[in-house]
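This report concerns only the one structure given below.
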Amino acid sequence: MSPVQPLPTASLYRRCDPTGFSFETTTDVDPLLDFIGQDRAVKAIEFGIGMSRQGYNIFALGPSGTGKHALAQRYVEQKAATEAPPDDWCYVNNFEQPYRPYALRLPAGMGKQLRNDVQHLVGELRNALSSAFESEEYQTRRQALEMELQERQQQPLNELQEQARGRGLTLLRTPGGLVFAPFKDGNVLAPEQFEQLSTEEQERLKAEVEVLQEQLQKVLLQMPRLEREMRDRFRELNEEISGFVLNNLMDDLYQRYNEQPAIISYLQALQKDVSDNLADFVTAGEARGDGQGGEAGAGRSSEGQTMPVFPDGFTGSLFMRRYMVNLLVNAGELTGAPVVYESNPSYLNLVGRVEQMASMGALITDFTLIKPGVLHRANGGYLILDVLKVLANPYAWEGLKRALQFREIRIESPTQMLNMTTTISLEPEPIPLEVKVVLIGDRNSYYLLSQYDPDFNELFKVAADFGDQLERNAATQQLYAQMIATIAKREELHPFDRAAVARIIEQASRLVSDAERMTTQIESIVDLMEEAEYWANQEQATIISGKHVQQAIDAQIYRSDRIRARMQEEVLRETILIDTSGAKIGQINGLSVIQVGNYLYGQPSRITATIHMGEGDVVNIEREVEMSGPTHSKGVLILASFLRARYALERPLALSASLVFEQSYGGVDGDSASSTELYVLLSAIADVPIKQSLAVTGSVNQHGQVQAIGGVNEKIEGFFDLCQARGLTGDQGVLIPVANVKHLMLRQDIVEAAAAGQFQIYPITTIDEGIEVLTGMAAGERNARGNYPKGTINYKVEQRLREFAKRQAALKEEGAAKK
C-alpha cells in the first residue's frame with residue numbers, strides 16, 4: 001500500500017469564515033484610506049516625488065489592474081497640493097528677428113494680465129495716434145513743412161528763370177522735364193521764328209542754353225538731398241507727436257511692470273517698433289474701422305470688407321498680430337503645482353507645435369500660432385504618461401527624452417528634428433523645463449527599455465514595482481473587506497453582506513492560484529463586484545450576498561469556456577483518446593494549461609512511451625519535429641540524466657526511448673510534464689501498467705524530486721470535469737507536487753467529491769512516491785548490498801536495463817568475432 005495518502009478536504013480549499021467579520025454589510029465598514037499590498041511601490045513613489053535631483057523620474061511597473069495609475073496620481077496630487085503654482089509663460093514677437101519669438105516667464109496670473117494690457121494698449125495707441133495725426137496742430141505744422149519744402153525747391157528754379165530771361169530764354173515744364181526755350185516779347189519763339197533769327201543769335205542762344213542747362217542739372221541734383229532733409233524733418237515731427245502719445249500711454253505699463261525686466265524690455269521694443277512703423281500702424285488701425293482696440297468680433301475695413309478674427313478675440317490686419325501676446329501657460333487659476341495626464345502623448349502633443357493659417361492662398365505662421373504641449377502645461381509640476389502609448393507614437397519617446405535630458409522644451413516639427421526640411425519656419429526660444437514624469441507600464445516594457453535604451457536608466461532612476469498579490473491572513477482579510485467596502489461606495493454599488501465579502505476574498509486567492517495569497521489586481525475584483533450587483537438586481541435584492549458573487553463567477557466562466565467544453569466533447573466522443581479507467585503499460589494522463597484570452601483551463605493529454613535497446617538516448621518526438629519548446633526539451637533531457645544516475649552507474653545505459661504527447665497539434669512547452677514523462681518511461685521499461693484513472697502533473701529534477709508547477713487548480717479541474725462527465729468511480733484522482741498543496745483553491749464540487757471519496761488529490765514528493773500511487777507496486781530502495789528488492793518497480797527497471805546491456809555487449813562481441 002502506498003504511503004502517500006489523499007489530501008484532506010481542508011487542504012483543497014481555504015475558506016474565509018464570514019463570522020470572522022464584525023459587520024453585517026459593507027455600509028458598516030470604514031473606508032480604506034490607503035492601498036494595500038503595495039508598500040514597496042508607495043515608498044518608491046514617495047522617494048521619487050520628493051527627490052529634486054535630475055533624472056529621478058518614476059516608472060511605475062507591474063501587471064494591469066493593480067492600481068498603478070490611481071496610486072501614482074493620488075500621491076502626486078497630494079504632493080502637488082503643497083507646492084506653489086508654477087510661472088506663466090508667454091511668447092511675444094522678436095521685432096528684430098520675427099522667426100525667433102521670445103519666451104517670457106512671468107509670475108502666476110501675470111501672463112493673462114500682460115496679454116490684456118498689451119491688447120488694450122494697442123487699441124488705445126491706435127486711437128490716440130489717429131487723433132494726434134488728425135489734430136489741427138499736427139496738420140498746421142505739416143503744411144508749414146510742406147510749404148517750406150516747396151519754397152526751397154522753387155527758389156533756385158526761380159533764380160535760374162531770372163537768369164534765363166535776362167539771356168532771352170525761359171524755363172519750361174514739359175512732359176519730358178524742365179527745358180530752356182527762346183523767349184521774346186513775353187512769348188516763346190516757335191521753331192520757324194527761331195529759324196528766322198540770325199546765325200549769330202542762334203549760336204548765342206544755344207550756348208546760353210548749354211550754360212543754363214548745366215546750372216539746372218546742379219539745381220536738380222540738390223533736390224533729393226532737400227527731399228531727404230524734409231523727410232527727416234517730417235519723421236522728427238511724427239516722432240515728436242507719436243512720442244508724446246506713446247510715452248503718455250506706456251508710462252503706466254512701465255510703472256506696473258517695473259519689477260519685471262523682461263517685460264520692460266519687451267515693452268520698450270514694442271514702443272520702438274510702433275514708432276518705426278507709424279504709417280503701417282495707423283493704416284492698419286484705420287482699416288479695422290471698429291474704433292475699438294482688442295474687442296472680439298469681426299471688424300470692417302473702409303471698403304466694407306470683413307476683417308479676420310484672430311485668437312483671443314483679436315480682430316485686425318496681419319500687421320497688427322505682431323503686437324499680440326501669446327499666452328502659452330496660464331497658471332493663475334491653479335492652487336498648487338499642476339498634475340497632467342495625457343492620454344494621447346504624440347510628439348506634437350508633448351512638446352507643442354506651430355500651426356499655420358491660410359492667407360491669400362498661402363499658408364503663413366507667426367508666434368501667435370504657437371500652441372503648448374503637455375510638457376508646457378505640466379512644467380513646474382507632474383506629468384503622468386502610459387509608456388506604451390508614448391512608444392507607439394513616432395518620435396514621441398525621443399522628444400520626451402530630449403526634453404528631460406536638456407531640461408528645456410524646444411518646439412520643433414519632427415521633420416525639423418530629423419533635419420528633413422530646409423523651409424523657413426519659426427524657431428521659438430526654448431522654455432526651461434522642471435517637471436517630474438511618472439511613466440505607467442508593464443514589467444516587460446521597463447526591462448526592455450532598461451536593457452536596450454542607454455538613456456533610460458539615467459532619466460528614470462526610480463522604479464515603483466507594483467506587486468500582484470499580498471499575504472492572506474486575518475489582518476489582511478480585514479483590510480481587504482475595507483477595500484471592498486470602499487469600492488462599493490466609490491462605484492455606488494449595493495451593499496455586500498459579509499458572506500459576499502468572504503466569497504470575494506476566496507476568489508481573490510483563486511485569482512493568484514494561492515491559498516496563502518490574495519490578488520492586488522483590483523480591476524478584476526471591481527468587475528466581479530459589478531457583475532454580482534447585476535445578479536442581485538435580477539432578483540431585485542438590495543443587498544448582495546455570497547450567492548450573487550458565486551453567480552457572477554459562474555457566469556464569467558461560462559462566457560469564456562466554449563473552447564474547453566468543445567475539447568471535452570471531443571474527448572467524450574473519443575475523437576481525442578484519453579482513458580479514465582483501466583491500466584496501460586507505457587501510457588499515462590498528463591495535464592496542461594491552456595490560456596484563451598484571460599481565461600485559463602486545464603486539458604488532459606495522453607502521453608506514451610516506447611523503449612528498445614539502444615545507446616542511452618531518450619527521443620523527444622515533439623523536439624524532433626520542432627513542436628517542443630526549450631523548457632520542455634530541458635525536462636526530457638533531465639529524464640535521461642535521472643536514468644543514468646540511478647540505473648547506469650556501473651554499466652552503459654543500453655536503452656533508447658521515445659516520448660510523445662499524443663494528438664498534440666499546437667506544440668508543447670514547459671517542464672510541468674517532466675515527472676509524468678518519467679513515470680510513463682519507467683512503466684514502459686519495467687513493463688508495469690499505470691492506472692488510467694489518475695492524471696499527473698509536476699516537474700522533476702535529476703535527483704527524482706517532484707517540483708512545483710503552475711496552474712495546478714485548472715489542471716485538476718480539467719481532469720475532474722472529464723471524469724465527472726464519464727462518471728466518478730472513486731478510483732480517479734490527480735497527482736500533484738507537495739509544494740503545490742498551498743496553492744489549492746479548487747471548485748466546491750471537487751471539494752465535495754473528495755469529501756465523498758469519489759476523487760482524490762495525492763501530494764507527491766519524489767518519483768518513487770508517485771510511481772507507487774500510479775502502479776500500486778512499491779518503488780523499492782537499495783539495500784546494504786546496493787540491490788533493489790525483488791518485485792519492486794526499481795528492481796524491474798534495473799533488471800530490464802541489465803538485460804539490454806548484456807544483449808548489447810553480446811551483440812558487439814558477436815560482431816567483433818565475425819570481423
Matching residues in the range 374-407 - criterion: being in contact with a Lys or Arg (Cβ under 9 Å, 6 or more places away or on another chain) and either β-branched (Val, Ile, Thr) or more than 16 Å from residue 346 (Cβ to Cβ) (or both): 381, 382
Top-ranked residue in the range 484-504 [being in contact with a Gly (Cβ under 6 Å, 6 or more places away or on another chain) and of a type in the set (Gly, Ala, Ser); ranked as least open to solvent (accessible area, probe 1.4 Å)]: 500
Filter result (touching a residue at least 60 places away in the same chain (Cβ under 8 Å) and of a type in the set (Ser, Thr, Tyr)) within the range 124-134: 130
Selection within the range 6-30 - without any contact (Cβ under 8 Å) to a residue 60 or more places away in the chain and over 26 Å from residue 544 (Cβ atoms): 8, 10
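Yes/no per residue for (1) open to solvent by less than 50 Å² (accessible area, probe 1.4 Å); (2) touching a Cys at 6+ places or on another chain (Cβ under 6 Å); (3) modelled with pLDDT of 90 or more; (4) charged (D, E, K, R):
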site	(1), (2), (3), (4)
539	no, no, yes, yes
542	no, no, yes, no
562	no, no, yes, yes
568	yes, no, yes, no
575	no, no, yes, no
583	no, no, yes, no
600	no, no, yes, no
611	yes, no, no, no
621	no, no, no, no
Residues of the range 457-488 classified as within 30 Å of the chain's Cα centre (by Cα) and in contact (Cβ under 8 Å) with a residue 24 or more places away in the chain, total: 18
Complete set of residues in the range 31-67 that are in contact (Cβ under 8 Å) with a residue 40 or more places away in the chain, open to solvent by 70 Å² or more (accessible area, probe 1.4 Å) and not in a loop (DSSP other than H, G, I, E, B): 40, 47
Considering residues of the range 318-350 that are in contact with an Asp or Glu (Cβ under 9 Å, 6 or more places away or on another chain), assigned to a loop (DSSP other than H, G, I, E, B) and without any contact (Cβ under 8 Å) to a residue 60 or more places away in the chain only, the residue surrounded by the most Cβ atoms within 10 Å (Cβ to Cβ): 345
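Yes/no matrix, rows are residues, columns are (1) surrounded by fewer than 17 Cβ atoms within 10 Å (Cβ to Cβ); (2) without any contact (Cβ under 8 Å) to a residue 24 or more places away in the chain; (3) farther than 21 Å from residue 142 by Cβ:
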site: 241; (1), (2), (3): no, no, no
site: 246; (1), (2), (3): no, no, no
site: 253; (1), (2), (3): no, no, yes
site: 259; (1), (2), (3): yes, yes, yes
site: 262; (1), (2), (3): yes, no, yes
site: 265; (1), (2), (3): yes, yes, yes
Residues located in the range 751-796, provided they are in contact with a Pro (Cβ under 9 Å, 6 or more places away or on another chain), of a type in the set (Val, Ile, Thr) and under 17 Å from residue 687 (Cα atoms): 775
Residue within the range 172-181 that is touching a Ser or Thr at 6+ places or on another chain (Cβ under 8 Å) and closer than 30 Å to residue 147 by Cα present: yes
Matching helices (runs of 4 or more DSSP H) fully within the range 707-776 where at least 2 residues are open to solvent by 20 Å² or more (accessible area, probe 1.4 Å) and over 21 Å from residue 510 (Cα atoms): 712-726, 767-775
Residue 70 being within 32 Å of the chain's Cα centre (by Cα), crowded, with 16+ Cβ neighbours inside 10 Å and under 30 Å from residue 50 (Cβ atoms): no
Residue among 727, 698, 711 that alone is out of contact with any Leu (no Cβ under 9 Å at 6 or more places or on another chain) and on the phi > 0 side of the Ramachandran plot: 727
Residue ID - least open to solvent (accessible area, probe 1.4 Å), chosen from residues in the range 1-30 that are within 42 Å of the chain's Cα centre (by Cα) and closer than 30 Å to residue 767 by Cα: 13
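The values are calculated or read from the model by the stated rules, or taken from the named source; none is laboratory data. These figures come from a predicted structure and were not determined experimentally. FYI the Cβ positions are ideal-geometry reconstructions off the backbone, even for glycines, and counts take in every protein chain you see. Just the protein is used for accessible areas: all its heavy atoms, side chains included, with ligands, DNA and RNA removed. Shrake-Rupley method; radii C 1.70, N 1.55, O 1.52, S 1.80 Å.
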